[in-house]
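Just below is one structure, and these are the notes that go with it.
Values quoted throughout were computed directly from the atomic coordinates according to the rules given, and no laboratory measurement underlies them. As the structure is a computational prediction, the values presented were derived from the model and not from experiment. As a convention, Cβ positions derive from the backbone with ideal geometry for all residues, glycine included, and neighbour counts pool all protein chains shown.
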Amino acid sequence: MKIIARDIPPRAAWALEQAGVHPLLAQLFAARGVQSKDELDDGLARLLPPSGLLGATPAAVLLADAIAQDKKLCIVADYDCDGATACAVAIRGLRLLGARHVSYIVPDRVVDGYGLTPPISQRVKDSGADVLITVDNGIASVAGVATARALGLQVLVTDHHLPGAELPQAEVIVNPNQPGCTFESKSIAGVGVMFYVLLALRAELRQRGKFDASNQPKLDALLPLVALGTVADVVKLDANNRRLVAQGLKRVRAGALPPGMASLFTAAARNSSVATTFDFGFALGPRINAAGRLADMTLGIECLLTDDATRADELAKTLDGINRERRVIEGDMRDQAFAIAESLFDEGDEPPPAICVFDPDFHEGVVGIVASRIKDKLHRPTFVFAASQAPGKEHELKGSGRSIPGFHLRDALDLVAKRHPGVLLRFGGHAMAAGCTVNEESFDEFEQGLNDVAQEWLDAATLTRRLDTDGPLAPEYRRADLVDTLHREVWGQGFAPPTFSEEVEVISQRLVGEKHLSLKLKHQGQPVDAIWFGHTEQLPRKVTLAFRLDADEWNGVRRVRFLVEGAQG
């Protein structure tokens, strides 16, 4: 591992500090490309306008007409946290704006697979709906949309995934990544796209005289859900996404959040009044995702939709239980997958350029998480496959992949598909995460094809794990109140949480819970506690550590401790 300190542009840091930004935050923001305090303005007025999102205005017209004609609307959701929050935002928002008949269908991961398929379109038609609206899916659903149109449904696709060679023939497509869309925030999550459609719809209804600026429904009540889905989907936190998340966090901390989210905070033993992006990504998100992985995402969506606090508590407890089960399954699968991955190369040798792992006993609901764990450990693009449980599809393997910086996973799959026609039955995704389906007999050919692409695209620099940090931590910033200051900010994908690095002296070290290293360090001449979760190897007396700041409480006194992320030397 190479620990590298980011450059801090001195002029930008100075300008931010002069504008009243805390000196430490000024350095951190400057190192992440922020040049002026204006960029840190998270006010709603600074959001990119909906009019800039291709398809948002015609989508608003379609929905306004449907509401005026009292049509029945049906949302087709996805079975992850982004899809669940997008569905809840769509239903809550459309009802706020006057729609009287709004229902939803969420595909079953095992039975239906991903996206709007022809059978799902038939189910929407059979439900009595007139308008089908996809959230967080649909851009690749050419056949599903064609079926829906043939059945007489109007189709609105809202999605953020990368389109394939052919676009579906929907009435309207809203997706910042479709050809011709100049919307600046290409990284907006599926829930963000749906929120923008609602903003456009409200503007359209204002124009039609349904209400004015003084009596229009307040859509900002949806922002906690938008923030949760945005963080949980690990999309890049560009300036627009950071504003959406910051606005959602403000409302959560003030207690203005849906009962289901409040209950999830309780189930996760987290305090919503000091909520952070970490809570969204590692506490609430996984509990909602667990429903889609192991059970039925309807549970997650219902938890986000209910306004009954008692029912919200029951659903949150159920989701928490499913998440505990997911952890057990994942733990067993992870150990097995690590063993298979490590058998692909001899001890002391470098791993192959890409890792592909399959076992008949793997559970398809957690292949993505396990792929992420292997990727983190071996620093290689990784796919983990499980046998399909869908009736009649037992010969198919469903894979989920995670990548490393510098290797665009969806583009890699596209190249494998071109070089090995017929091997990939289906595929889609992003640069850092993607999914695909292959026949079991084609697994070896897929593995070879992916390794060939990785061999060509990856060089020694990309294959070396690199940990970007913010350099040394000045001793005057080693304070519990500054930990709180840092935690209040919006950090995440593309706007990394503050991580510091410097040489420290290890005074003592011991294992706790058999898998974590508890440390007492000397930092800039002062003692400080540290912990390295999931690490058991002893450290030398002098070592360069990369660490994040945390605060723990002992006998009513809050003290700073370091959360170790990596070591060098």
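The table that follows gives values for the structure above.
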read-out	value
Rounded if a/c under 1.5, otherwise prolate or oblate - the chain, Cα gyration tensor axes	oblate
Rounded if a/c under 1.5, otherwise prolate or oblate - segment 469-568, Cα gyration tensor axes	rounded
Rounded FRET efficiency, nearest 0.05, which uses the C-beta distance separating T536 from R327 and R0 of 22 Å	0.65
Dipole magnitude of the chain, debye to nearest 20 (Cβ charges: Lys/Arg +1, Asp/Glu -1, about Cα centre)	1780 debye
Count of Lys pairs (Cα-Cα under 29 Å; at least 8 positions apart or interchain) in segment 53-321	14
Simple label model, 7 Å out from Cα along Cβ direction - Q524 to L151, nm	6.3 nm
Contact order normalised by residue count of segment 344-463, Cα under 8 Å, 6+ apart, percent	23 percent
Over segment 2-49, relative contact order from alpha-carbon pairs under 8 Å, at least 6 apart, %	36 percent
Per DSSP, loop chymotrypsin sites (Phe, Trp or Tyr not before Pro) in segment 495-569 with at most 14 further Cβ within 10 Å	F533
Computed [θ] at 222 nm, deg cm²/dmol, the chain (DSSP H ≥ 4; -39,500 (n - 2.57); rounded to nearest 500)	-12000 deg cm²/dmol
Given charges at Cβ of Lys, Arg, Asp, Glu: the chain dipole, positive-most of P224, S214, V423	S214
The chain - percent relative contact order, Cα under 8 Å, separation 6 or more	12 percent
Square roots of 5 times each gyration tensor eigenvalue, C-alpha, segment 53-321, largest first, Å	27, 21, 18
Local electrostatic count, H523, Cβ distance below 9 Å [Lys/Arg +1, Asp/Glu -1]	0
Chymotrypsin sites (Phe, Trp or Tyr not before Pro) restricted to segment 184-262 and DSSP loop, no more than 16 other C-beta within 10 Å	F211
Isotropic mean projected area of the C-alpha convex hull, segment 344-463 (nm²)	7.1 nm²
Given 14 as the ceiling on other Cβ atoms within 10 Å, longest exposed-site-free region of the chain for GluC sites (Glu not before Pro) in DSSP loops	1-165
Volume per residue of the C-alpha convex hull in segment 496-541, rounded to whole Å³	90 Å³
In segment 476-569, trypsin sites (Lys or Arg not before Pro) in a DSSP loop with at most 13 other beta-carbon atoms within 10 Å	K515, R541
Dipole of segment 341-458, positive end: most advanced residue of Q455, I404, P360 [Cβ charges, Cα centre]	I404
